[in-house]
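Structure, as structure tokens:
What follows draws every value from the coordinates through simple rules; no lab data is involved. Worth saying up front: this structure is predicted, and the values here are computed from it rather than measured. Cβ atoms come from the backbone with ideal geometry, glycine included; neighbour counts cover every protein chain shown.
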Amino acid sequence: MKCIAIVEDELYMREELSDILRKAGYETAEITAFTDVTGQLREMACDLVLLDLNLPGASGFQICRDLKQKGTVPVLVLTSRDQLGDELHALELGADEYLTKPCRKERLLARISNVLKRYEGRTNLLEGDGYLLDRGTYTLYIHKNSVVLPKNQGRILETFLVHRGELVTKEELCLAVWGTAEFIDENALQVNLTRLKKTMTGLGMRQQIVPIRGAGYRLVEVSI
């Protein structure tokens, strides 16, 4: 059963949406405290986020941006804001659908179903800047092409994508590649990092691996 997270601060509307979705066969998870909403949504790990824009604390725009920068969960914006500029801005930030209130339940359920169908089969994919990585086969999809990465390179890139721009330590990379951080020659890690960097450059990727002295590495965006 698919789970839908509801981010709506108006109690009556939140309860109504939850009731509609449960009757349609979905599980629901509701955000009721509007502090660190993005963090709460990551922990819920639902299949789709139903997102209002006018919220206490961080706006729906900011939440949408954060979700799309750090994951691939689909986002359907449901808001009373009916200006074209708001819709275009939400879509630019990565929203998958944009509906305005009031909205007939049949239309809402149809849009939810369509978005979920578009994401079927993508649960094993990690999203980077302009590319996707299949973490099961380490197939990299970029520029309408696909490239199967060597296993070690795939494991390293997967680790960086899971951390989403955060610092990754040498120990974490060793665990990802060899399953242990003990008795690993650092040169072996450097060889694999160098090979991955060369692959990324050859594919014209807009991200690169940079060392953080004394701490580890980070995957960052670059201008090409």
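Observations on the model:
- With the charge dipole of the chain set up from +1 on Lys and Arg Cβ and -1 on Asp and Glu Cβ about the Cα centre, the Cα lying farthest toward the positive end among the listed residues Val191, His89, Val37 is that of Val191.
- Projected label distance in nm at Thr199 and Asp82, using a 7 Å step from Cα toward the beta-carbon: 5.1
- Exposure proxy ranking for Met1, Met200, based on other Cβ atoms within 10 angstrom of each Cβ and starting from the fewest, stands as Met1, Met200.
- Only helices enter this figure: runs of n ≥ 4 DSSP H residues, each worth -39500 (n - 2.57), summed and divided by the residues of the chain, yield -13000 deg cm²/dmol at 222 nm to the nearest 500.
- Taking the Cα centre of the chain as reference, the dipole from Cβ charges on Lys and Arg (+1) and Asp and Glu (-1) amounts to some 860 debye.
- Lys-Lys pairs in the chain that are eight or more residues apart or on separate chains and whose Cα atoms lie under 17 Å of each other come to 6.
- Burial ordering of Phe61, Phe160, Phe34, fewest other beta-carbon atoms within 10 Å first: Phe34, Phe61, Phe160
- Shown for Asp86, Asp52: other C-beta atoms within 10 Å of each C-beta, ranked fewest to most, produce the order Asp86, Asp52.
- The largest-to-smallest principal axis extents of the Cα set in the stretch 3-119 are 31, 31, 29 Å.
- Where a label projected 7 Å from the Cα of Asn114 along Cα→Cβ would reach, residues of the stretch 92-107 with amide N under 12 Å: 96-99, 107
- Length gained on full extension, Gln62 to Arg218, computed as 0.36 nm times the residue gap minus the Cα-Cα distance: 53.9 nm.
- Read-out P(r) over Cα pairs in 10 Å bins from 0, in percent, derived from the coordinates shown; its label in (i) 7, 30, 29, 21, 12, 2, 0; (ii) 7, 30, 32, 19, 9, 3, 0; (iii) 9, 38, 40, 14, 0: (i)
- In this simple spin-label model, placing a label point 7 Å from the Cα along the Cα-to-Cβ direction at both Asn54 and Asp9 gives a separation of 1.0 nm.
- For a modelled paramagnetic label at Lys101, 7 Å from Cα along Cα-to-Cβ, the residues of the stretch 10-52 in reach, with backbone nitrogen under 16 Å, are 10-21, 30-34, 50-52.
- Counting 0.36 nm for each residue step from Lys151 to Glu30 and taking away their Cα separation leaves a gain of 39.7 nm.
- Between 0 and 90°, nearest 10: helix 105-119 axis offset from the chain longest Cα axis: 10
- Shape summary: the stretch 124-223 maps onto an equivalent ellipsoid whose semi-axes, from the alpha-carbon gyration tensor, are 21, 15, 12 Å in decreasing order.
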